[in-house]
Amino acid sequence: MELAEKVDARSRIVTEAARILREQGARAVTTRAVAQAARVQAPTIYRLFGDKDGLIDAVAEHVMATWVAAKTTGGPHPDPVVDLRAGWRAQIEFGLANPWLYELMTSPARAEQSPATTEGIEVLRAKVHRLAAAGLLRVDEPRAVAMIHAAGTGTVRALLGTPPDHRDLGLADQMFDAVAASILTTAPAAPTDDVGAIAVTFATALPGLPGLTDAERALMGEWLTRALATLHRGRSRAG
């Protein structure tokens, strides 16, 4: 198969698989159905994608890229909190607009293997890092990412589990506010403010701190991580 022919076949297969998934659900996305709709032989799917999981990953990347392209109006908002809220709302909207695909992407069996999910988490990490650099984060970055991701996934699943005409879309904003209250400070940290926020902010500047060796930076990073973990355990017990 020539390169141009292979690219064309791949595009048709992904497009048809996405259509079948959207219109008929996950069970309808069989190798036979997709091959017939894309006008290719079933072995072609295996040659191009390896297996059905590989095909689903390609569909997820295609649908997400199309969604992002349609929604993108410019760069990130100057306010990192506003930018985080916009990303949260985009995740909720994507999940509700693509229920079958979202279920497949976030299923426990496939979440770690989905490139689209991994890419989405990387985007979230960048948004959280902006918050930390601005002195607005009261927990360490990995915990903030985990909390936001878990809350967002849970919110979408809860809404998808409710009939469309009974969904309380205000739940998404309330969940964001609840998570934000747990991980964000109301203002950038100052020397007399939240010790955890100061430590998180310092950790973001550590890689570029001059006058230290790599080993010294690594050791200081370990100290900060240990201190933040201790602070978190103390807050958990107090709560």
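The values are calculated or read from the model by the stated rules, or taken from the named source; none is laboratory data. This is a predicted model, so every value here is computed, not measured. Cβ: placed from backbone, ideal geometry, glycine included. Neighbour counts: every protein chain shown. Please note that ligands, DNA and RNA were not included when accessible areas were found on the heavy atoms of the full protein model with its side chains. Shrake-Rupley method; radii C 1.70, N 1.55, O 1.52, S 1.80 Å.
Among the residues of segment 108-119, are any hydroxyl-bearing (S, T, Y), open to solvent by 20 Å² or more (accessible area, probe 1.4 Å) and assigned to a loop (DSSP other than H, G, I, E, B)? The answer is no, given that none of the residues of segment 108-119 is hydroxyl-bearing (S, T, Y), open to solvent by 20 Å² or more (accessible area, probe 1.4 Å) and assigned to a loop (DSSP other than H, G, I, E, B).
For the residues I20, I92, the requirement of being in contact (Cβ under 8 Å) with a residue 12 or more places away in the chain and in contact with a Leu (Cβ under 8 Å, 6 or more places away or on another chain) singles out I92. Being at pLDDT 85 or above, surrounded by fewer than 18 Cβ atoms within 10 Å (Cβ to Cβ) and assigned to a helix (DSSP H, G or I) is not true of R130.
Filter segment 18-43 down to the residues that are more than 19 Å from A109 (Cβ to Cβ) and crowded, with 18+ Cβ neighbours inside 10 Å, then identify the one that is farthest from the chain's Cα centre (by Cα). Going through the qualifying residues, I end up with V40.
Just so you know, in segment 53-71 the residues that are hydrophobic (A, V, I, L, M, F, W, C) and more than 13 Å from A90 (Cβ to Cβ) include one that is modelled with the lowest pLDDT, and it is A65. Residues in segment 158-167 that are assigned to a helix (DSSP H, G or I) and touching a helix residue (DSSP H, G or I) at 6+ places or on another chain (Cβ under 8 Å): A158, L159, L160.
Just one of the numbered conditions (1) at pLDDT 95 or above; (2) part of a loop (DSSP other than H, G, I, E, B) is not true of I148: (2). The residues in segment 168-198 that are within 25 Å of the chain's Cα centre (by Cα), modelled with pLDDT under 80 and part of a helix (DSSP H, G or I) can be counted, and the count is 2. Return the residue satisfying two criteria in turn: it lies in segment 69-96 and is within 14 Å of the chain's Cα centre (by Cα) and closer than 28 Å to T30 by Cβ, and of such residues it is surrounded by the fewest Cβ atoms within 10 Å (Cβ to Cβ). My answer is F94. Considering the conditions (1) open to solvent by less than 70 Å² (accessible area, probe 1.4 Å); (2) within 19 Å of R19 (Cα to Cα); (3) of a type outside the set (A, V, I, L, M), E61 is excluded by exactly one of them, (1).
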